[in-house]
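Peer 1: First the structure, then my questions, so here it is.
The numbers here are math on the coordinates, done by the rules we state, and not lab data. Everything numeric in this text was worked out from a predicted model, so none of it was measured. Every residue, glycine among them, receives a Cβ derived from its backbone with ideal geometry; neighbour counts consider all protein chains shown.
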Amino acid sequence: MIRNRTGPARGAGLPVEPMDALMPPPMPPLVEMTGITKTFLSVKALSNVDFRLLPGEVHVLFGENGAGKSTLISILSGVYKQTSGSLRIDGQEVELQSVHDAAKFGIGTVFQEFSLVPTLRVYENVYLGREPRRGLFLDRRAMIAGAQNLFDELDFEIDVRRPVSALSRAEQQMVEIAKAFLAKARVLILDEPTASLTEKETRKLFGFIARARAEGVGIIYISHRIQEFAEIADQISVLRDGRMIATVSAKETSEHALVELMTGRAIDQIYPEIARGTDGEIVLSLTDIISAGVHGVSVDVRAGEVLGVAGLVGSGKSRLWRSVLGLQPIRAGRVMLKGRDVTGKATRELLRGGVFYLPPDRKTEGLQLAATARDNIALSLLGRDDVSNRIGFISPRRSRELADGIAARVDISPSYLNRSVSKLSGGNQQKVLFGKGFAKEHDIYIFDEPTVGVDMGTRSALYRLIKEIAEAGKAVVVVSSDLTEVMHLAHRLVVFSKGRIAAELTGAAISEENVLKHFFADTRVPA
Amino acid sequence: MTVSQGSPVLTDTEAPKRNLVLAAIRGLFLRVGVLPFFLAATLVVFALVSAQFLSIQNLTNVARQSVYLVLVSLGQMLVLITGGFDLSVGTAIALTSVVSALAMVALVAAMPDLVWVAIILGAFAGFGAALLVGCLNGLGVAQFGVSPFIMTLGLQSIGAGIALFLTGGVPVSGLPFDFGNFFGFGRVFGVPVPVLFAIVAIIVMWLIMNRTIFGAHVYAVGGNLKAANLSGVNTRKVLFFAYALCALLASLAGVLMTARVESGETNLGGTIALESIAACVIAGVSLRGGIGRVENVVLGAFFIVLLQNGMNIAQIGSYLQMVLLGSLLVLAVILDQVRYRMLVGSR
């Protein structure tokens with residue numbers, strides 16, 4: 001599925017130049033981070049990372065979720081302070097106390113989330129924290145004019161007087177980008193800026209990056225889209241498990257080599273081969289579902305089959321299942337679960353009817369954060385006959401035994417079971433969440449972003465659990481923003497675009513090219 | 001904070017007129033909230049009950065009576081917009097009343113010739129006491145991350161206890177005549193002095209919220225605390241000053257109320273925390289923070305006093321009035337939820 005850019009003859013084993021072997025830089029580096037280590041409580045998020053950014057360079061940070069990219073840029077943008085190591089800007093050693101501090105050194109960051117205030121207007125957001133004043137008062141006129149100017153210059157069409165809450169995700173992303181440009185940053189950090197942009201908007205952004213780069217701005221670019229790198233990147237640094245694995249020149253590497261660097265192993269070692277059940281019965285049948293962000297979707301899920309669901313953020317791929325589960329109202333359409341009409345039923349009835357749902361955000365929707373790992377699993381055991389004694393009271397001993405059995409099955413170390421889940425790593429938290437799925441028998445398992453923020457080792461363990469479930473003849477739905485993941489797991493893949501299914505692919509037709517083609521499809525007009 | 005209606009909402013409104021009216025009502029509800037509907041209902045109902053209700057004299061009376069709630073509601077709004085609330089406004093008033101009265105009585109006794117100096121210094125002693133309450137609230141919420149509910153509830157008890165301790169529960173009498181005569185009953189150019197204070201406070205608050213960086217940051221902190229922080233806003237400072245300013249506004253109301261009753265009382269402002277929150281919520285201030293407008297809050301406070309006035313005229317007993325006011329608050333919050341869902345759904 002990975003296209004090799006450097007030539008057909010070269011494969012995975014492409015030689016990679018380590019950082020030291022590069023020529024000495026002609027200019028002093030804009031940013032030089034040496035021996036950066038960051039620990040959260042006892043978890044090491046970064047260990048001994050070196051990173052260097054030159055003026056006029058587009059430097060890609062590449063790596064898994066949880067590899068440490070976000071932590072690294074958070075240190076550079078003043079959100080976190082490193083545990084050890086030094087940070088130099090223009091050769092001067094600096095200590096950044098806050099985001100404000102970093103901005104003073106010319107570091108501008110486009111965060112992936114959390115940096116727009118939805119209740120404020122666009123221009124207020126753009127100027128937030130650096131409002132122009134006239135005397136005692138805000139200079140609103142200057143803010144509006146300045147913001148409008150900036151958007152014109154960027155060629156983004158947005159009325160700056162609109163409240164941010166009324167903008168689409170892509171438009172919000174554009175506001176974020178504009179905000180960073182306003183500060184006249186010399187170091188621009190873009191954290192997955194294209195994740196929710198359309199093709200056209202991405203073009204505009206790339207044009208602007210090229211201009212900024214020509215003016216000597218150093219750009220740190222985080223992205224998962226390998227296809228973009230050849231076009232915009234100069235250098236690519238690969239992080240894995242908090243370590244800097246290598247820094248390579250964009251011209252001298254290939255997609256295959258990058259993926260191997262990122263994961264530390266060949267792709268086929270990570271994803272198990274899942275045997276497909278033959279002609280399984282239809283467990284869940286959706287007909288013309290209309291709901292917020294979902295505009296008429298029909299799809300069947302069969303026993304023994306893994307249905308992959310791909311699409312951009314906001315494409316409706318996640319909201320479809322949320323409406324099926326009664327988490328958001330269904331306006332029209334029909335949901336049949338094992339031949340029974342369950343349209344618009346309460347969530348608990350669907351769960352009782354044999355659905356297991358793994359929510360995309362384990363911290364807000366999945367786990368009781370203050371409770372122990374064992375108690376989280378035990379919570380899902382409630383209602384099982386064998387945890388209660390004859391009168392109907394819960395037996396703590398039985399409950400513990402069953403929970404521990406499940407923990408062993410999903411490979412959680414017994415020493416973690418008495419700890420509060422908030423203290424566990426993302427990978428172990430996710431295992432707890434999977435464990436809840438094994439507490440009872442279900443007919444259909446819906447996994448929404450099953451491996452978000454989880455390290456590679458845990459991922460392959462989770463994939464094996466999915467394989468186990470599917471091969472036991474259950475119906476499985478995997479919704480994921482990680483294209484590689486969903487492509488490798490799915491027997492059948494539906495691609496969402498703008499609230500509709502843009503394509504349904506099976507077998508050999510599941511290729512990155514095919515999927516990406518449909519990501520931006522305008523599904524309102526039948527092709 | 002008007003909400004843009006640019007997005008395609010519902011396209012099935014083909015039938016004319018009646019749907020147009022419905023759409024207009026819906027639009028008004030989405031933009032301003034429940035206040036216009038409540039206000040209209042009150043005016044119609046009580047105008048039918050009594051012809052006296054809509055007389056100029058009665059309405060002027062309501063305007064004068066609403067001064068205190070307007071001042072407190074402005075402070076409450078500030079804190080609500082940051083995403084918190086202040087249950088200790090009543091205590092700030094009681095403390096102001098008791099401390100300023102005690103100070104004035106003592107100062108007048110010490111320097112009988114300088115009555116006005118004693119009055120001014122006494123008032124500032126009251127401001128100081130309330131400011132202490134506000135600063136403690138701000139410190140707890142901003143610096144130590146105590147939930148506003150617990151912090152202000154705690155201080156409400158602390159302040160009330162101190163006020164009772166200082167006076168032994170007995171009203172402080174013997175205030176200088178000029179104090180009540182001017183701040184309570186005086187008129188300048190025919191306008192009651194308390195009304196003048198309220199007008200100045202409204203203008204200053206409007207300027208702060210709409211024309212200053214502090215105001216912009218208050219909205220930002222309530223709209224998304226993390227985002228404000230990442231944009232370089234000193235969120236702790238903003239929270240601290242919001243609580244301090246809220247207490248100060250309550251304190252101003254406290255001084256004016258003390259002048260009106262001509263004694264320092266611990267039971268002034270007993271129900272004002274509930275009333276001010278009700279005034280704000282009915283006026284469309286979001287309990288989630290980030291949304292709220294000065295002019296609407298003034299109208300909201302006016303509405304509450306108008307309602308109480310109407311109920312008095314209609315001879316509804318004060319016990320029943322409490323039931324009604326509480327119900328109205330809950331209803332306003334329910335409608336606010338409905339409005340929020342409609343706003344989100346129409347995106």
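Peer 1: Once every DSSP H run of n ≥ 4 in chain A is given -39500 (n - 2.57) and the sum is divided by its residues, what mean residue ellipticity at 222 nm do you get, rounded to the nearest 500 deg cm²/dmol?
Peer 2: Details: 17 runs with 162 residues, N = 527.
Helices in chain A give a 222 nm mean residue ellipticity of -9000 deg cm²/dmol.
Peer 1: Note the angle between two axes, namely the Cα long axis of helix A:169-182 and the longest principal axis of the Cα atoms of chain A, as a number of degrees from 0 to 90, rounded to the nearest 10.
Peer 2: 30
Peer 1: What size of dipole, in debye to the nearest 20, comes out for the protein assembly as shown about its Cα centre when the only charges are +1 on Lys and Arg C-beta atoms and -1 on Asp and Glu C-beta atoms? List each step's numbers first, then the result.
Peer 2: On the way: 83 positive and 73 negative charges, 242 e Å.
Taking the Cα centre of the protein assembly as shown as origin, the dipole is about 1160 debye.
Peer 1: Is chain B rounded, prolate or oblate when judged by the Cα gyration tensor, a ≥ b ≥ c being the square roots of its eigenvalues, rounded requiring a/c under 1.5 and prolate requiring a/b larger than b/c? Walk me through the numbers on the way to the answer.
Peer 2: Numbers: a/c = 2.17, a/b = 1.40, b/c = 1.55.
Oblate, because a/c is 1.5 or more while a/b does not exceed b/c.
Peer 1: Along the positive direction of the dipole of the protein assembly as shown (beta-carbon charges: Lys, Arg +1; Asp, Glu -1; about the Cα centre), which of B:Gly174, A:His59, A:Pro28 reaches farthest?
Peer 2: Farthest along the dipole direction, towards plus: B:Gly174.
Peer 1: Right, next: Please work out the FRET efficiency for the pair A:Thr278 and A:Ser298, using the Cβ-Cβ distance as r and a Förster radius of 30 Å; give the result to the nearest 0.05. Please report the intermediate quantities before stating the final value.
Peer 2: Working: r = 23 Å, r/R0 = 0.77.
Taking R0 as 30 Å, the efficiency between A:Thr278 and A:Ser298 is 0.85.
Peer 1: Tell me the relative contact order for chain B as a rounded percent, counting alpha carbon contacts under 8 Å between residues six or more apart. It would help to have the intermediate numbers written out before the result.
Peer 2: Numbers: 539 pairs, mean separation 113.3, N = 347.
Once divided by the residue count of chain B, the mean separation gives 33 percent.
Peer 1: Please give the length that would be gained between A:Thr34 and A:Glu401 if that part of the chain were fully extended, namely 0.36 nm times their separation in residues minus their C-alpha to C-alpha distance (nm, one decimal).
Peer 2: Values: separation 367, 0.36 × 367 = 132.12 nm, distance 4.84 nm.
Length difference between fully extended and current span is 127.3 nm.
Peer 1: Can you give the relative contact order of the stretch A:364-440 as a percent, counting alpha carbon pairs under 8 Å and 6+ residues apart?
Peer 2: Numbers: 96 pairs, mean separation 34.5, N = 77.
It rounds to 45 percent for the stretch A:364-440.
Peer 1: Just tell me which lysines come within less than 30 Å, Cα to Cα, of A:Lys204; anything on the same chain fewer than 8 places away is out.
Peer 2: Qualifying lysines at Cα under 30 Å: A:Lys69, A:Lys104, A:Lys179, A:Lys184, A:Lys251, A:Lys317, A:Lys498, A:Lys517, B:Lys226.
Peer 1: Name the shape class, rounded, prolate or oblate, that the alpha-carbon gyration tensor gives for the stretch A:339-397, where a ≥ b ≥ c are the square roots of its eigenvalues, rounded holds for a/c under 1.5, and otherwise prolate holds if a/b is larger than b/c and oblate otherwise.
Peer 2: Note, shape of the stretch A:339-397 comes out oblate.
Peer 1: Also, I was wondering about something else. When only C-alpha pairs under 8 Å and at least 6 residues apart count, what is the relative contact order of chain A, in percent?
Peer 2: Working: 1037 pairs, mean separation 81.3, N = 527.
That works out to 15 percent.
Peer 1: How much net charge surrounds B:Leu107 when only other residues with a Cβ under 15 Å from its Cβ are counted (Lys, Arg +1; Asp, Glu -1)?
Peer 2: Spelling it out: positives minus negatives among the neighbours equals -2.
Peer 1: Between the stretch A:230-266 and the stretch A:457-507, what is the C-alpha centre distance in whole Å?
Peer 2: 25
Peer 1: What base-10 log of the normalised intensity I(q)/I(0) is obtained for the protein assembly as shown from the Debye formula, alpha carbons as equal point scatterers, at q = 0.06 Å⁻¹?
Peer 2: Results for the protein assembly as shown at q = 0.06 Å⁻¹ read -0.52.
Peer 1: Points 7 angstrom from Cα along the Cβ direction at B:Asn61 and B:Arg18: gap in nanometres?
Peer 2: Those two pseudo-labels are separated by 4.3 nm.
Peer 1: To make sure I understand, if each residue's beta carbon is the centre and we count other beta carbons within 10 Å, what order do B:Ser286, A:Ser298, A:Ser285, A:Ser415 fall in, fewest to most?
Peer 2: Details: B:Ser286 21, A:Ser298 13, A:Ser285 17, A:Ser415 7.
Arranged by neighbour count, lowest to highest, B:Ser286, A:Ser298, A:Ser285, A:Ser415 become A:Ser415, A:Ser298, A:Ser285, B:Ser286.
Peer 1: Same structure, new question: In a Gaussian network model over chain B where Cα atoms closer than 10 Å are linked, find which of B:Gln315, B:Gln337, B:Gln143 has the largest mean-square fluctuation.
Peer 2: B:Gln315
Peer 1: Continuing with the same structure: Quick one: which of B:22-31, A:54-63, B:144-153 comes out on top by average Cβ neighbours within 10 Å, and what's the full order, highest first? Walk me through the intermediate numbers first.
Peer 2: Numbers: B:22-31: 14.1, A:54-63: 22.1, B:144-153: 15.8.
Ranking the peptides B:22-31, A:54-63, B:144-153 by packing returns A:54-63, B:144-153, B:22-31.
Peer 1: Give me the inter-chain shielding for A:97-103: mean count of other chain Cβ atoms within 10 Å, whole number please. Numbers along the way, then the final one.
Peer 2: On the way: counts 0, 4, 5, 6, 1, 1, 2.
Partner Cβ neighbours, averaged per residue: 3.
Peer 1: May I ask which residue of A:Ala371, A:Pro414, A:Phe393 lies farthest towards the positive end of the charge dipole of the stretch A:364-440, with charges of +1 (Lys, Arg) and -1 (Asp, Glu) on Cβ and the Cα centre as origin?
Peer 2: A:Phe393
Peer 1: Among B:170-181, B:71-82, A:122-133, A:454-465, how do they line up by average Cβ neighbours within 10 Å per residue, starting with the highest?
Peer 2: Numbers: B:170-181: 16.0, B:71-82: 30.3, A:122-133: 21.8, A:454-465: 19.1.
For the peptides B:170-181, B:71-82, A:122-133, A:454-465, the packing ranking is B:71-82, A:122-133, A:454-465, B:170-181.
Peer 1: Oh, and also: Taking the alpha-carbon centroid of each part, what is the distance from the stretch A:61-129 to the stretch A:391-405 in angstrom?
Peer 2: 47
Peer 1: Taking 35 Å as R0, compute the FRET efficiency from the Cβ-Cβ separation of A:Glu504 and A:Ser460 and round it to 0.05. Could the numbers behind the result be given before it?
Peer 2: Details: r = 27 Å, r/R0 = 0.78.
After rounding to 0.05, the efficiency reads 0.80.
Peer 1: Follow-up. With 10 angstrom as the radius, rank A:Asp191, A:Asp159 by how many other C-beta atoms surround their C-beta, starting from the fewest.
Peer 2: Working: A:Asp191 22, A:Asp159 14.
Listed from fewest to most nearby Cβ atoms, that is A:Asp159, A:Asp191.
Peer 1: What average number of partner chain Cβ atoms lie no more than 10 Å from the Cβ of the residues making up A:115-128? Show your work: numbers first, answer last.
Peer 2: Working: counts 7, 6, 14, 5, 14, 11, 4, 0, 0, 4, 5, 1, 3, 13.
Per-residue shielding by partner chains comes out at 6.
Peer 1: Same structure, new question: For the pair A:Ser425 and A:Phe137, how long in nm is the line joining their label points, each one 7 Å along Cα→Cβ?
Peer 2: Here the answer is 5.7 nm between the modelled labels.
Peer 1: To the nearest 500 deg cm²/dmol, what mean residue ellipticity at 222 nm is calculated for chain B from DSSP H runs of n ≥ 4 alone, each contributing -39,500 (n - 2.57), summed and divided by the residues? Let's see the in-between values first.
Peer 2: Details: 13 runs with 244 residues, N = 347.
Helix contribution divided over all residues of chain B: -24000 deg cm²/dmol.
Peer 1: Shifting gears a bit: Tell me whether the stretch A:118-190 comes out rounded, prolate or oblate; compute the Cα gyration tensor, take square roots of the eigenvalues as a ≥ b ≥ c, and use a/c under 1.5 as the rounded threshold.
Peer 2: Numbers: a/c = 1.68, a/b = 1.22, b/c = 1.38.
Oblate, because a/c is 1.5 or more while a/b does not exceed b/c.
Peer 1: Let me ask something else. Going by C-beta contacts inside 10 Å, put B:Arg18, A:Arg240 in order with the fewest on the left. Intermediate results must be reported in sequence, preceding the final value.
Peer 2: Values: B:Arg18 9, A:Arg240 20.
Result, fewest neighbours first: B:Arg18, A:Arg240.
Peer 1: Over the Cα atoms of the stretch B:208-260, what is the Rg over Rh ratio if Rh follows Kirkwood?
Peer 2: In the stretch B:208-260, Rg relative to Rh is 1.15.
Peer 1: Looking only at B:Ala118, B:Ala130, B:Ala216, which one moves most when chain B is put into a Gaussian network model with springs between Cα atoms under 10 Å?
Peer 2: Sorting by GNM fluctuation, first place goes to B:Ala216.
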